[in-house]
Amino acid sequence: TKRSAGRKGAVRTAILYGISIIVIYVAAGLGITLAFGSDALNNLSTNGVFNFVFFVLLAVFGASFLGAFEIRLPHAWIDRADAQADRGGLTGIFFMAATLALVSFSCTGPIIGTLLVE
């Protein structure tokens with residue numbers, strides 16, 4: 001995250017980042033499993049339609065990142081996010097972990113889905 005000046009702070013930030021990823025996956029996995037059954041995550045992550053839609057979404061974001069067009073959030077969301085960023089580190093670290101969890105779901109979903117079933 002490159003937010004810490006010293007090694008001790010960097011290690012603490014990295015540990016919080018890792019714990020945030022674990023908490024996000026466990027909460028999402030348990031919620032989906034309780035709502036839709038034990039095979040839901042595995043079925044979703046191996047579903048061709050879901051993976052194609054996810055690919056299109058990432059391609060659109062990639063094109064935006066490369067300057068093809070600009071995606072703007074509503075100003076109210078930006079103001080709220082900016083206010084949260086000013087509060088400090090834990091919130092920012094958690095949202096970085098949430099982004100990673102969303103982006104890497106199609107890679108980790110089959111593994112995590114299988115482990116939750118077991």
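The values are calculated or read from the model by the stated rules, or taken from the named source; none is laboratory data. As the structure is a prediction and not an experimental result, all values here were calculated from the model. Counting neighbours? That spans all protein chains shown, and the Cβs are built from the backbone with ideal geometry, glycine included. Note: accessible area is taken over every heavy atom of the protein model, side chains too, but ligands, DNA and RNA are not part of it. Shrake-Rupley method; radii C 1.70, N 1.55, O 1.52, S 1.80 Å.
General remarks:
- Residues that are open to solvent by less than 70 Å² (accessible area, probe 1.4 Å) and more than 17 Å from the chain's Cα centre (by Cα) were ranked within the range 42-55; the one that is modelled with the highest pLDDT is G48.
- Of the residues making up the range 86-101, those that are open to solvent by 60 Å² or more (accessible area, probe 1.4 Å) and at pLDDT below 65 are D86, R87.
- Near pairs, Cβ below 7 angstrom, 6+ apart or cross-chain, from the range 8-32 (farther than 12 Å from F95 by Cα) to any residue that is at pLDDT 80 or above: I32/A40
- The listed residue being more than 19 Å from the chain's Cα centre (by Cα) and at pLDDT 85 or above, out of A76, A27, A35, A83: A35
- Among residues of the range 1-41 being assigned to a loop (DSSP other than H, G, I, E, B) and under 18 Å from A97 (Cβ atoms), the one that is most open to solvent (accessible area, probe 1.4 Å) is K2.
- The range 48-73 residues that are at positive phi and β-branched (V, I, T), paired with ones that are assigned to a helix (DSSP H, G or I) and surrounded by fewer than 10 Cβ atoms within 10 Å (Cβ to Cβ) (beta carbon under 8 Å, 6 or more apart): none
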